[in-house]
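Each value in this text was obtained by applying a stated rule to the coordinates, not by laboratory testing. Everything numeric here is computed off the predicted structure, so don't read it as measured data. Cβ: placed from backbone, ideal geometry, glycine included. Neighbour counts: every protein chain shown.
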Amino acid sequence: MTKPISGRTLPCPVQPARSYPEYLALDRLLALQVPHSTSVESDELLFILVHQVSELWFKLVLHELDQAIADLDHDRLLAACKRLSRCEIVFGQLSGIWQVLETMTPSDYRLFRSGLGQASGSQSFQFRAIEYALGYREPASPAWQAAPGAGQDLLARWHTRPSVYDRFIAALARAGYPIPAGEPERTATGVDSRIREVLDGVYRNPEQHWEVYETAEKLMDLEEAIQLWRFRHVRAVERTIGDLPGTGGTSGVGFLETTLRRRFFPEILAVRSTLYEDGNGQ
Ligand code: HEM
């Protein structure tokens, strides 16, 4: 099942950088934090930095998911696992960022919140693209289609192409697992029982299906890391604005709590219950 990674060459940079600041474009990078508040003691710099750092990590995650897709499409499951692990670790880092942000109290936030206007993390097109890349799609027509703006191309690209999970299932089909042709048929439970049965066979005999098993568990690790990030976000929001609505127009904490139920890999999750169905579970 695993194929060698081909085409790895060592490209020479066309023009080597002259210095660290030049290589990293530090002058441009460090000019990008522009607080709207005029108060010097405001925590807005912290707020902007934490968001920008998060967006930079999101950028890396999308890059890694792109690579994971290429690996899965070439049946290189273990190579894809490496990419997925990196994404998981990045989300672990992002979960730690809330500790820094939570040094900002509600009173601190109040000093500059009005300057945000309607700006909200819900407009983070990179975060939305990560959801699309992994396989979550809004049930209704996506909001960005009605509101063209930054990130439109990125969102369209990730929304229309098969997700990482679709690619994983396609790799199973190519490897001879009895995956039914066509789109998954998910019932009200959100699970395609035919795909779940295939995974059930894998999870009952992990040694015989090690690479598939390992990849499925890596996907689960990543989903959990994103859920934990979401959870820390909800708690940070609650302690900062309580039950106030968000600047993006949702109910705030109430809305964010519903996102904790979003799942990317329904059959990989479902298999945890069916493993016990023959009565052998403890
Ligand atoms: C004190 C700090 C923060 C507060 C009070 C806050 C508040 C909120 C609220 C209320 C929402 C729901 C949408 C709305 O009505 O606005 C939201 C969504 C979101 N926020 Fe934050 N947020 C904070 C920090 C952050 C940070 C640092 C990030 C990192 C990028 C972030 C990313 C997001 C994302 C991606 C969503 C969309 C979640 C989804 O739809 O699943 N937020 N935020």
(message) Give me the net charge for the shell around ASP108: Cβ to Cβ below 15 angstrom, other residues only, Lys and Arg +1, Asp and Glu -1.
(response) -1
(request) Name the most mobile residue of GLU257, GLU64, GLU185, meaning the one with the largest mean-square fluctuation, in a Gaussian network model of the chain with Cα contacts below 10 Å. (result) GLU185
(message) Quick check on the chain: helices-only [θ] at 222 nm, where DSSP H runs of length 4 and up contribute -39,500 (n - 2.57) each and the sum goes over total residues. Nearest 500, please.
(response) -18000 deg cm²/dmol
(request) Pop out the ³J(HN,Hα) list for the range 70-78 in order, Karplus 6.51 cos²θ - 1.76 cosθ + 1.60 with θ = phi - 60°, rounded to Hz; leave Gly and Pro as x. (result) 4, 5, 5, 5, 9, 6, 9, 5, 5
(request) Determine the sum of side-chain charges near MET220: Lys and Arg each +1, Asp and Glu each -1, restricted to other residues whose C-beta is under 13 angstrom from that of MET220. (result) -4
(request) Between ALA225, ALA147, ALA175, find the one with the highest GNM mean-square fluctuation for the chain; connect C-alpha pairs within less than 10 Å. (result) ALA147
(message) 7 Å from Cα along Cα→Cβ at both HIS51 and SER39: what's the point-to-point distance in nm?
(response) 1.7
(request) Starting at the first residue of the range 173-183, write each ³J(HN,Hα) from the Karplus equation 6.51 cos²θ - 1.76 cosθ + 1.60 with θ = phi - 60°, in whole Hz, x for Gly and Pro. (result) 4, 5, 7, x, 6, x, 7, x, 5, x, 5
(request) Answer with one residue from GLN118, GLN93, ALA79: the one whose Cα lies farthest towards the positive end of the charge dipole of the range 60-121, charges on Cβ with Lys, Arg +1 and Asp, Glu -1. (result) GLN118
